[in-house]
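Undergrad: Pasting in a structure now, in structure tokens, and then I'll have a few things to ask.
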Amino acid sequence: MNTAFYSHPACRGHDMGDGHPECPQRLDAISDHLRATGLDLFIDHRDAPEATPEQLGRAHAANYVGQLVERLGAVQAGGRPQALDPDTVAAPGTLAAALRAAGAAVAATDDVIAGRAANAFCAVRPPGHHATRDETMGFCFFNNVAVAARHALDVHGLSRVAIVDFDVHHGNGTEDIVAGDERILMVSFFQHPLYPYCGAVPKGTNMVNLPLDPYTRGAAVREAITQQWLPALEAFRPQMIFISAGFDAHREDDLGQMALVEDDYAWITKQLVAVAERHAGGRIVSCLEGGYSLSALARSVAAHLRVLADVA
Ligand SMILES: [Zn+2]
């Protein structure tokens, strides 16, 4: 069975302005590199549908979904960008991109649970893990991974899912949404201190937060994962794993100061695939979060995908 690769041209249409690191070219860099390496031939390309308000409302407050869709719709109609918070700018193409990004995660979840894909990667933007239950934040509008995890629980009736976040920034939005929901185990590491300057003290007993010092290298990250993530995941026995796959902990990425390389992302992915094979029938849905050095991003996504798709 194949690895599904969800994306949509609309995800390129979200543009926060010249020189912004969270840029449409991130998706081009990924797709170019997959073609150049031939990895493209081993993955099953699928078009992301738009998420519905009902799906988004499983992770977000209903009035947040309604008001944000309305506001993004007004920006789309008005044709001019508008800052929603100090870090997050809505552009005319943002509504379609944000709905497709969350919709990719939901459709990938449906496919993997139905057996139409072994696992899936969503090459989407905007990212999602800073979006809280009722606030945009840090380039994020809807929390794609949290929406998908709740879809697996509430619609498909799974009883335990894990969320794994290896972005260099703490996934505070996901934590805000899932802390205290004992059906979800969230494990993460992140550089600390770094934006959004929280996470050192977890908000719930279902969180394993690993704050790491700047300049932490792969060997120390692997050790921390072995000591902290893997025993928690084994004990929890998730029926499905969702990954907030940010690649900005790469040593070439200027938005963080950690020092991971492609091999580290491959190693992390292998550990998660092994957990998923033991407990979850291999079910993994991974969604792009950060990663701003275009070349390092593309190479790291390829390393991640090579493991997911079991391509030597
Ligand atoms: Zn990040």
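The values are calculated or read from the model by the stated rules, or taken from the named source; none is laboratory data. If you're wondering where the values come from, they're calculated on a predicted model, not measured in any experiment. Note: ideal-geometry Cβ built from the backbone for every residue, glycine included; neighbour counts use all protein chains shown. When the accessible area is computed, the model is the full protein with side chains, heavy atoms only, and any ligands, DNA or RNA have been set aside. Shrake-Rupley method; radii C 1.70, N 1.55, O 1.52, S 1.80 Å.
Undergrad: Are any residues in region 260-280 in a helix (DSSP H, G or I) and either within 16 Å of the ligand (Cβ to nearest atom) or open to solvent by less than 10 Å² (accessible area, probe 1.4 Å) (or both), and if so, which ones?
TA: If we filter region 260-280 for residues that are in a helix (DSSP H, G or I), which is where we start, we get 262-279.
Of everything in region 260-280, those that are in a helix (DSSP H, G or I) and either within 16 Å of the ligand (Cβ to nearest atom) or open to solvent by less than 10 Å² (accessible area, probe 1.4 Å) (or both) turn out to be 264, 265, 268, 269, 272, 275, 276.
Undergrad: Next question. Out of curiosity, is residue 45 open to solvent by 10 Å² or more (accessible area, probe 1.4 Å) and either in contact with a Lys or Arg (Cβ under 7 Å, 6 or more places away or on another chain) or modelled with pLDDT under 95 (or both)?
TA: Details: open to solvent by 10 Å² or more (accessible area, probe 1.4 Å): yes; either in contact with a Lys or Arg (Cβ under 7 Å, 6 or more places away or on another chain) or modelled with pLDDT under 95 (or both): no.
The answer is no for residue 45.
Undergrad: I need the full set of residues from region 152-174 which are more than 11 Å from the ligand (Cβ to nearest atom), surrounded by 23 or more Cβ atoms within 10 Å (Cβ to Cβ) and under 22 Å from residue 234 (Cα atoms), in order please.
TA: Listed by number, the residues that qualify are 152, 161, 162, 163, 164, 174.
Undergrad: Just to be sure, is residue 111 in contact with a helix residue (DSSP H, G or I) (Cβ under 7 Å, 6 or more places away or on another chain), of a type in the set (Asp, Glu) and either within 16 Å of the ligand (Cβ to nearest atom) or on the phi < 0 side of the Ramachandran plot (or both)?
TA: Values: in contact with a helix residue (DSSP H, G or I) (Cβ under 7 Å, 6 or more places away or on another chain): no; of a type in the set (Asp, Glu): yes; either within 16 Å of the ligand (Cβ to nearest atom) or on the phi < 0 side of the Ramachandran plot (or both): yes.
Against the criterion (in contact with a helix residue (DSSP H, G or I) (Cβ under 7 Å, 6 or more places away or on another chain), of a type in the set (Asp, Glu) and either within 16 Å of the ligand (Cβ to nearest atom) or on the phi < 0 side of the Ramachandran plot (or both)), residue 111 does not qualify.
Undergrad: A follow-up question, please. Mind counting the residues in region 166-210 that are under 22 Å from residue 252 (Cβ atoms) and not aliphatic (A, V, I, L, M)?
TA: The number of residues fulfilling the criteria is 12.
Undergrad: Could you tell me how many of the residues in region 294-311 are out of contact with any Lys or Arg (no Cβ under 9 Å at 6 or more places or on another chain) and within 16 Å of the ligand (Cβ to nearest atom)?
TA: So in region 294-311, the residues out of contact with any Lys or Arg (no Cβ under 9 Å at 6 or more places or on another chain) come out as 295, 299-306, 308-311.
Next cut, within 16 Å of the ligand (Cβ to nearest atom) only: 300-301, 304.
Residues that pass the stated criteria total 3.
Undergrad: From the list 237, 283, 251, which residue is at pLDDT 95 or above, within 16 Å of the ligand (Cβ to nearest atom) and open to solvent by 20 Å² or more (accessible area, probe 1.4 Å)?
TA: 251
Undergrad: I've got another one for you. For region 199-219, does any single residue satisfy the condition of being within 16 Å of the ligand (Cβ to nearest atom), over 22 Å from residue 140 (Cα atoms) and in a loop (DSSP other than H, G, I, E, B)?
TA: Yes, some residue in region 199-219 is within 16 Å of the ligand (Cβ to nearest atom), over 22 Å from residue 140 (Cα atoms) and in a loop (DSSP other than H, G, I, E, B).
Undergrad: If I filter region 100-151 down to residues being over 17 Å from residue 61 (Cβ atoms) and among the charged types (D, E, K, R), which single residue comes out as most open to solvent (accessible area, probe 1.4 Å)?
TA: 116
Undergrad: Provide a single number: the residues in region 167-187 that are farther than 13 Å from residue 258 by Cβ and free of Cβ contacts under 8 Å to residues at least 60 places away in the same chain.
TA: So the first thing to find is which residues in region 167-187 are farther than 13 Å from residue 258 by Cβ, and the list is 171-187.
In the following step, the residues that additionally are free of Cβ contacts under 8 Å to residues at least 60 places away in the same chain were identified as 172-173, 175-176, 178-187.
Number of matching residues: 14.
Undergrad: When the residues of region 116-145 are filtered to those that are within 11 Å of the chain's Cα centre (by Cα) and among the aliphatic types (A, V, I, L, M), which remaining residue is nearest to the ligand (Cβ to nearest atom)?
TA: My answer is 145.
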